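Worksheet: one structure, shown below.
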């Protein structure tokens, strides 16, 4: 396999960016990615700086901005916190139901839009306080919270799902995927992630002590008002915020259902072209009614992750033009087949993601390889390969090196041995790079899930 100088330069640039992302979290590799893309494009591929910057995924950036701004207002005006508190009270003091309630609640909160990081940030303090009160090890509660948050992260309303779906939409013509099938595909990928990551983390919960804990809790009750005091009722601004979130979900889901598009006038369909455009309109409603603080919302938006995704995407685009992406595809293709590719695309992204950003670096790096890899290995289910990369890159995030694992450690009770908890989560997280590859191979490769 002959590799051009431009391809080699682009691969070296990507490797440098990935290594930096693994060893220095203070440097935003999105900006580095754009800088390296300009250097590689100009010096080796004959691309001007303006041409390289034209690769910036503006549509993806705007969608992320709209959705995260809307949920930034929902978070800063107290709506999400109250919703979480009311939902926790559903267990009504039955301690054996707590793991199920926490898992379902975290899945719900993450799915409706805030995403896995915000969902974990909302749930971790409550869940860890509950774990302390009922005598559940913080390690087990972390598996429940992070497993649910990461499983639901690929919701079409959540930042991670938006990132994945944006990349998929760009390569859809190469995969033979029609534009009108993208909405259903987004939910399929979300379902795949929720089920597979749920099986892995719930399985770990039961095997590593959860079943014994639940057995001991049968019949036990506690004072729910002591565990989760009833919050103040929703005020009018928070009710309006909940309504706007509900409208967002309906206006994204309904047009994608069979026969539903004809119910909406063309002018409305133009405004509902994607989840980002809907979010911007609904955000205006909250701002104009005084229901959301736009300045506070802007401050909590994940600008760093958004720039990582977009910056690395620019580098990947230049890498594609330089032939570097094709070289990596051929390299993976030498050890893969249509079925075994699911193993390697679970393991390799998992190893890198254990030390780097799953959504900001790993997904933009590996997802664009899918069309070329299918061609290289002579077949394969694109949805399965996409799901494998998504699951493999996120199932390791229980590690304390990730934001999600770190949030749970920070919220663990004072009685917990934090050093031991760190070690156990690190072992679990790193082992998931291999376990995730095996599970993806079974579900997406052998079973064709």
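On the given criteria, is residue 354 under 19 Å from the mean Cα position of the chain (by Cα), buried (at least 20 other Cβ atoms within 10 Å of the Cβ), at pLDDT below 85 and over 18 Å from residue 30 (Cβ atoms)?
yes
Can residue 323 be described as in contact with a helix residue (DSSP H, G or I) (Cβ under 8 Å, 6 or more places away or on another chain), over 30 Å from residue 405 (Cα atoms) and in contact (Cβ under 8 Å) with a residue 24 or more places away in the chain?
Yes; evaluated as a whole, the condition is true for this residue.
Just give me the residues in the range 425-449 being in a helix (DSSP H, G or I) and over 20 Å from residue 354 (Cβ atoms), in sequence order.
442, 443, 444, 445, 446
Say we look at the range 1-35 and pick out the residues that are without any contact (Cβ under 8 Å) to a residue 12 or more places away in the chain and not in a helix (DSSP H, G or I); which of these is surrounded by the most Cβ atoms within 10 Å (Cβ to Cβ)?
If we take residues in the range 1-35 being without any contact (Cβ under 8 Å) to a residue 12 or more places away in the chain and not in a helix (DSSP H, G or I), then 25 is surrounded by the most Cβ atoms within 10 Å (Cβ to Cβ).
Just the residues that are surrounded by fewer than 18 Cβ atoms within 10 Å (Cβ to Cβ) and in a helix (DSSP H, G or I), please, taken from the range 57-81.
Selection gives 58, 59, 61, 62, 81.
Taking the options 199, 214, 162, name whichever one is surrounded by 15 or more Cβ atoms within 10 Å (Cβ to Cβ), in contact with a helix residue (DSSP H, G or I) (Cβ under 8 Å, 6 or more places away or on another chain), touching a residue at least 60 places away in the same chain (Cβ under 8 Å) and farther than 19 Å from residue 353 by Cα.
None of the other options fit; the residue is 214.
Just checking, which of 88, 126, 145 is part of a helix (DSSP H, G or I) and at pLDDT 90 or above?
The match here is 145.
The values are calculated or read from the model by the stated rules, or taken from the named source; none is laboratory data. Predicted model only: the values in this text are computed from it and were never measured. Quick reminder, even Gly has a Cβ in these numbers, built from the backbone with ideal geometry, and neighbours come from all protein chains shown.
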